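Structure record follows, encoded as structure tokens.
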Amino acid sequence: MSQNVSVQPLWKPRGSFIEQSNLKKYMDWLFVKKGLYFRDYHDLWEWSVTDIEDFWESIWQYFQIKSHDIYLDVLRRSDSNDMIGTRWFSRATLNYAEHVFRNKTKDRPALLFQSERQSLTEVSWATLEQQVAAVATWLRKRGVKPGDRVASVLPNIPESVVAFLAANAVGAVWSSCSPDFGHASVVDRFRQIEPKVLIAADGYTYNGKSFDKTSALRDLLNALPSVEEAVLVNYLDKNAEMEGVTNWDDVLDTPSAALEFEAVPFDHPIWVLYSSGTTGKPKAITHSVGGSLLEHFKALALHQNVKAGDRYFWYSTTGWMMWNYSVASLLMGATLVVYDGAVAYPTMQVLWTLADRARINHFGGGAAYFIACMKADVQVPTERLRHLQTIGSTGSPLIPEAYEWIYQKVRKDVWLISLSGGTDVCSAFVGGSPLLPVYAGEIQCRMLGCRLEAYDDDGRSVRNQLGEMVITQPMPSMPIYFWNDRDNERYRSSYFEMYPGVWRHGDWIKITSRNSVIIYGRSDATLNRGGVRIGTAEVYSAVESLPEVKDSLVIYLEREDGSGYMPLFVVLAPDVLLTDELKARINQELRTQFSPRHVPDAILEISEIPYTISGKKLEAPVKKILMGHDPARVVSRDTMRNPEALDLFVEMAGEKFVG
């Protein structure tokens, strides 16, 4: 992620592509129906964040949102004009799942599923509807009412989609954890929301290994006294049973009539998502049915160009908001491609092979996955990916070299969409536009309806310089509240403490002269060296471009005397030694691409970088550990993908690591 923006685009949309895009058709509709003409995307964006009521009402109308009651007004701000407490489409009542099933058809499957244990198989819309109806009926018979919580500990399998749609159909609030979460991590999340129903699998597979979770399920039920009904999905063992727990197949056998949808208020909770919980109890972030519905129509249709009949895939677990986001592709009439397993089992080609066999049109994953493919020089079956239209990346900044690898090794005519947003809105703030070119290391645009700016230290909006990512106008997909958050204390402290009334997201960004966005990493992990702020993503971009370096982590430690120490930790490729010559090349790369301030004080080899389950580097927790903070208070190991990776840093802190 260089300091200067790229000169030549890697991809430009053809005229025919632009004309046939959902976004251009929406703009044409605005002209015909509203008399609004926009010269380009940036004009459209400016209108969408200035006349926000007209914009969101146009999304409602364009996508023909079905409300069972007429809304009184589009936007009603709180008495204090604060984003918290903003009300949207008051008095409207609707249902998310009802909009999904508007797309049922015999012409194509609803789902395609593959796992480490299961070859590619189809789930028809008729089967999906029948199963959702059966589960919804079972939930109603068990006394589940609108607002009750249905919690899930399931792998990324069709049963997860069925369970969510059924819970939503009856007006229940959905919440999900991946089965690879530790016991304490799941309890910390679900105990906050007191679920009435728990649906869990008997285990899961990963990297060719099976992990039995039946005893963990029993422990979880003991820890959650609010659960009145539990359901076991037999994923590993078709004959597994648990006393007092209903089998999923018995739920599916529930006699049911036509699928019925409970109409709930626009701001009724749809699901509870959770912050990573690396420090303190995970925040139980609660979104609205209506806000998620509008945001997902806008994001997937207009910014990713997902159309009816397309096949949509995003590699995710059920514990990451990208699972919820990918399920939203069903709103467009797309076929959702579901995969359960490791990205490198049996080889790193497994997902690319799936893209070929499933004829995937939209292929998404974490930035770390694409960087790993680049590092491993994965041979992508380019000639067989004729259906591939877009590649989506999120989770962390995608380095320019990975952009270039995709265009050189995957498809030169694919539209690469880098997204950034998160659990906070279950969508993205910045992402793609089918009207704009793609430049290496840059996210194409700020998304419609999102008044995103970069603020300097004085709270002024700046261009072409680093700043804090802020949102200055409310969006329907912002949390309605954090569950059990008295007086919105945690909500307010999470986003609104630095700039009163303005959402500070915690990312360090630059808005370029062409209105693209470059993300430089989390602002709480910014390297403040000699009064100059450095984004960690810059360091990773330069260091990890070297083939000898597999992964890296950089932090800045402030000393009591006002000086500082910046170590760079590197994971090397197999059979590579950290020689003085390699250190010199790393330093030269940082100095050449960026500045002398980017050169670390020391380069240290370690075996692996600690990551959260969702794939984020634990920069701030490592920094706190090395500065002497109690590791148990700094990070919950249950939230980590590789908790043993912390041990070395704990040892370093014990040796009074100061450099």
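What follows is calculated from the coordinates using simple rules that are stated; it is not laboratory data. These numbers were taken from a predicted model, which means no experiment stands behind them. Reconstructed Cβ throughout: ideal geometry from the backbone, glycine too, with neighbour counts over all protein chains shown.
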Mean Cβ count within 10 Å, highest first, over the residues of peptides 463-472, 595-604, 92-101: 92-101, 463-472, 595-604
What list do you get for D51, D356 if you sort them by fewest beta carbons within 10 Å? D51, D356
Given labels modelled 7 Å from the Cα in the Cβ direction, how far is it in nm from L648 to S563? 2.6 nm
Check cross-link reach from K12 to the lysines: straight Cα distance under 23 Å, and skip same-chain residues fewer than eight apart. K24, K25, K298, K307, K409, K412, K510
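Using the Cα gyration tensor of the stretch 355-395, with a ≥ b ≥ c the square roots of its eigenvalues, what is the shape: rounded (a/c below 1.5), prolate (a/b larger than b/c) or oblate (neither)? Don't skip to the end; give the middle numbers.
On the way: a/c = 2.80, a/b = 1.32, b/c = 2.13.
Oblate, since a/c reaches 1.5 and b/c is not below a/b.
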Per-residue Cβ contact counts at 10 Å, fewest first, order E46, E116 as E46, E116
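Based on the mean of other beta carbon atoms within 10 Å per residue, what is the order of 157-168, 247-258, most packed first? Provide the component values of the computation, followed by the final result.
Values: 157-168: 25.8, 247-258: 14.2.
Order by mean packing, descending: 157-168, 247-258.
Provide the FRET efficiency to the nearest 0.05 for the D51-E243 pair, computing r from the beta carbons and using R0 = 45 Å. It would help to have the intermediate numbers written out before the result.
Working: r = 59 Å, r/R0 = 1.32.
FRET efficiency, D51 to E243: 0.15.
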Classified through the alpha carbon gyration tensor (a ≥ b ≥ c as square roots of its eigenvalues; rounded if a/c is under 1.5, else prolate when a/b is larger than b/c, else oblate), the stretch 524-654 comes out oblate
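Quote to one decimal, in nm, the extra length available between E497 and K141 on full extension: 0.36 nm per residue of separation minus the C-alpha distance between them.
123.7 nm
Please give me the summed charge of the neighbours of G143: other residues whose Cβ is under 15 Å from its Cβ, Lys and Arg +1, Asp and Glu -1.
On the way: positive: R140, K141, R142, K145, R149, K196; negative: D148, E194, E228, E229, E262.
Combined, the nearby Lys, Arg, Asp and Glu give +1.
Go ahead and run the numbers for FRET between A184 and F17, Cβ-Cβ distance against an R0 of 45 Å, rounding to 0.05.
Details: r = 49 Å, r/R0 = 1.09.
Approximately 0.40, to the nearest 0.05.
Between R585 and A632, what length comes free when the chain is fully extended (0.36 nm per residue of separation minus the Cα-Cα distance, one decimal in nm)?
13.2 nm
Evaluate E = 1/(1 + (r/R0)^6) for T347 and K412, where r is the Cβ-Cβ distance and R0 equals 22 Å; express this FRET efficiency to the nearest 0.05. Present the calculation step by step, with values, prior to reporting the outcome.
Numbers: r = 24 Å, r/R0 = 1.09.
It comes out at approximately 0.40.
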Lys/Arg +1, Asp/Glu -1 at C-beta; the chain dipole; positive extreme among Q20, W320, H387: Q20
If packing is taken as the average number of other Cβ atoms within 10 Å across a peptide's residues, how do 134-147, 574-587 rank, most packed first? 134-147, 574-587
Once you put a point 7 Å from the Cα of T254 and another 7 Å from the Cα of D212, both along the Cβ direction, what distance in nm separates them? 2.9 nm
Dmax and Rg, reported as Rg then Dmax, of the chain (C-alpha, Å): 24.1, 73
Tell me the mean residue ellipticity at 222 nm calculated for the chain from its helices only (DSSP H runs of n ≥ 4, each -39500 (n - 2.57), averaged over every residue, nearest 500). -8000 deg cm²/dmol
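With both partners inside the stretch 524-654, how many of the DSSP beta bridges are antiparallel, as a percent to the nearest 5? Walk me through the numbers on the way to the answer.
Details: 12 of 16 bridges.
So the antiparallel bridges in the stretch 524-654 amount to around 75 percent.
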